[in-house]
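The values are calculated or read from the model by the stated rules, or taken from the named source; none is laboratory data. Predicted model only: the values in this text are computed from it and were never measured. All accessible areas refer to the heavy atoms of the entire protein, side chains included, with ligands and DNA or RNA removed. Shrake-Rupley method; radii C 1.70, N 1.55, O 1.52, S 1.80 Å.
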Amino acid sequence: MSRGDPDELQAARAQLVSYSARLLADGLAVGSAGNISVLVGDIVAITPSGVSSAELRPADICLIAADGTELACRETPSSETPMHLAIYAATNAAAVVHTHSPEVIALSASRPELPAIHYAITDLGGPVRVAPYVRFGSAGLAEAAVGALDGRSAVILRNHGAVTYGRDLAQAYDRALLLEWLTRTYRMALSYGEPATLSAAELDEVTAEARRRRYGERRRGAP
Ligand SMILES: [Zn+2]
């Protein structure tokens, strides 16, 4: 058990402040909506509730134990802390990003999933499911999100937003941007009629090729 290296925790707090600002700048949330977290050892560093990103300082970032105990928090931790903790418990996530991004919310209100109309969706594990609606901040929402994440690194929350995770905050955030881009692209495709989608076999082929190329890069000593 690692309680979280103090230097790493400090770095995580600073990183969460800068990514919170990006969340607004990139249009993935408005006001103080959306929340992000990073796992450091067995401590979750998470944005507080109701603090706008313009006012957010590293010392405002809350530190929470895996069982939900508040270790340090000036204000109130994000209302979605139970969902973040549930995702860390159920997956190999090291960072979680929750957005209220408009394209995703629009899709969530009318479709059961985001289908694969572009092969980049393999980075999210395949077509992204829409989890049933459950009130924000509830244990039920955490459960619904984890259930719909099965085999995916992204989930859409009906009439609410999206959650992505990754091996670090950069990857989790890039996936949130990718999900919004894929959803916008799908909406554009719908304007021509019902779009063609990629089959599971075609997606598997992309995943296998991407893995082969990454393996080749490692052998050549590329970063
Ligand atoms: Zn939310």
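Need one value: the accessible area of His118 in square angstrom, 1.4 angstrom probe, rounded to the nearest 10.
60 Å²
Search the structure for amide H atoms under 5 Å from the amide H of Leu157, placed 1.01 Å from N in the peptide plane, and list their residues when 5 or more places away or on another chain.
Amide H neighbours of Leu157, under 5 Å, 5+ apart: Ala131, Ala162, Val163.
Given springs between every Cα pair under 10 Å in a Gaussian network model of the chain, which of Ala170, Ala12, Ala189 has the largest fluctuation?
Looking only at Ala170, Ala12, Ala189, the largest GNM fluctuation is found for Ala189.
Taking θ as phi - 60°, what are the ³J(HN,Hα) couplings along segment 49-61 by the Karplus curve (6.51, -1.76, 1.60), each to the nearest whole Hz, with x for Gly and Pro?
Listing the rounded values in order: 7, x, 9, 5, 5, 5, 9, 6, 10, x, 5, 7, 5 Hz.
Rounded to the nearest 500 deg cm²/dmol, what is the calculated helix-only ellipticity per residue at 222 nm for the chain, with -39500 (n - 2.57) per DSSP H run of length n ≥ 4?
Mean residue ellipticity at 222 nm (helix-derived): -13000 deg cm²/dmol.
How would Glu70, Glu113, Glu180, Glu205 rank on accessible area, largest to smallest, probe 1.4 Å?
So the residues, ranked largest to smallest area, are Glu205, Glu70, Glu113, Glu180.
Suppose accessible area is computed on protein heavy atoms with a 1.4 Å probe; arrange Asp150, Asp174, Asp168, Asp42 from highest to lowest.
Asp150, Asp174, Asp168, Asp42
Over segment 116-204, what is the relative contact order in whole percent, taking alpha-carbon pairs under 8 Å and six or more residues apart?
So the answer I get is 31 percent.
So what does Tyr165 come to for accessible area, using a 1.4 Å probe and Å² rounded to 10?
30 Å²
Express the relative contact order of the chain as a whole percentage, based on alpha carbon pairs under 8 Å and six or more residues apart in sequence.
18 percent
Can you give me the P(r) profile for segment 22-112? Cα pairs, bins 5 angstrom wide beginning at 0, each as a whole percent.
That works out to 3, 14, 24, 22, 19, 12, 5, 2, 0, in percent per bin.
Once phi is turned into θ = phi - 60°, what whole-Hz ³J(HN,Hα) does the Karplus curve with 6.51, -1.76 and 1.60 give for every residue of segment 112-117, x standing for Gly and Pro?
3J(HN,Hα) across segment 112-117, in whole Hz: x, 6, 8, x, 8, 9.
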